[in-house]
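Structure, as structure tokens:
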Amino acid sequence: MAKVKSIITEADVSFMTNTEVEFVSLVGHAANRSPFKIIKGEVKGENTMPKTIYSILVSKDVTEEKLQEIVSEHNFSVDEKIEDALEGFDVYSQIEDDEVDLETRKMSALADGVYAVVADLKEESEKEGLEKEEFEYETLDKVADSLFAMMDIVLGTIRQPEAEGTSRKDMIMTAINNFTSYVGAVLANVKAEDVIDNIEIKSEIIKEFMPEPVEAVLDTTTDDALKEELIAKFTEMLHEQVSLVKSELDETKTALNDSLNEQFEMYQKKEIAEKELETIKAEIEIIKNTPKSRGSELDENVTKKIKTETKKKNQSFVTFV
């Protein structure tokens, strides 16, 4: 007998909201043959979606024998290898990308150099989730711890004069390369908005070179008189620094004022010189445009008369008898 496929619209469905359900019994064949669905709400809280192993990361230096032991212990597959997916690691896929929410990926260590990338299954996925979800995830805090551990190895190796050149180089480069690969794997599986609020310095070598805070010195000092003396010394040093800054500021202000005064005086002198120059120019123009005096006119007339008489004499005829 052929099965009839019915279409149910939203108008035919009854929604129950804000209910306090204590028990839900899911049976294969309901008495009224009416389907129902429990929809995940949008209430923020702990993620209850089932998780699964998305991929396995195996460091390049893990031997095949060790890898098989870990495969047997944790029951994951190494059949599908993704080539060149992550620098320093061999990546083995465990489930298709469309089955999981890739935004929920987190990395957890299974063994030394072997990590599992865990992600939430999508709501529509038919895959079964993990029965046990006891994972200790790799976080940015652990990245910081690894950084300090790497620094201790590098700095400690450098400070050993008896270490051979080749051996020292190998130890340093191995520590740096392992840290680089680890950080690359963690950053590839954390959210972009994940940050570290406070960083605790855990490198013993670096701590040797760090000055002890004043508060720590005071806390470890039991003598009240010594505490007061230390406080007084620090206060005096602070006052000296403030006085030095004030003195330098006053000297700067004085030098600036002197410079401004000199510039102002030069500007005034320039204005006076320009005014005097204009006066001289005006006087020269007056002299140029002034008519000739009476005395100069008489002298000019006498000069003309003399010239005329001389000319007449030169033109007269002389008769010789």
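Assorted remarks:
- Sequentially through the range 120-127, phi angles give Karplus couplings (6.51, -1.76, 1.60; θ = phi - 60°) of 6, 6, 5, 4, 7, 6, 9, 6 Hz, Gly and Pro residues having no value and appearing as x.
- Gain in span if fully extended, residue 271 to residue 191, counting 0.36 nm per residue against the direct Cα distance: 21.7 nm
- Computed from the C-beta positions of residue 122 and residue 160 and an R0 of 45 Å, the FRET efficiency is 0.25 to the nearest 0.05.
- FRET E, pair residue 204, residue 229, Förster distance 45 Å, beta-carbon r, rounded to 0.05: 0.90
- Compared with the direct C-alpha span, the chain from residue 168 to residue 18 gains 47.4 nm at full extension, assuming 0.36 nm per residue.
- In this label model, residue 130 and residue 264 are separated by 8.0 nm, measuring between points 7 Å along each Cα→Cβ vector.
- Applying a threshold of 30 Å to the alpha-carbon distances of 142/227; 66/142; 142/233 flags 142/227; 142/233 as lying beyond it.
- The H on the amide N of residue 100, modeled in the peptide plane, is under 5 Å from the matching H of 122, each at least 5 residues off or on a different chain.
- Residue pairs exceeding 23 angstrom between C-alpha atoms, taken from 51/81; 60/106; 51/191; 81/169: 81/169.
- Note on residue 87 and residue 239: the model spin-label points, each 7 Å out from Cα along the C-beta direction, lie 5.7 nm apart.
Any read-out appearing in this document is the output of simple, stated calculations on the displayed coordinates, not a laboratory observation. Predicted model, so just to flag it, every value in this text is computed and none were measured. Please note: Cβ atoms are built from the backbone with ideal geometry, for glycine as well, and neighbour counts cover all protein chains shown.
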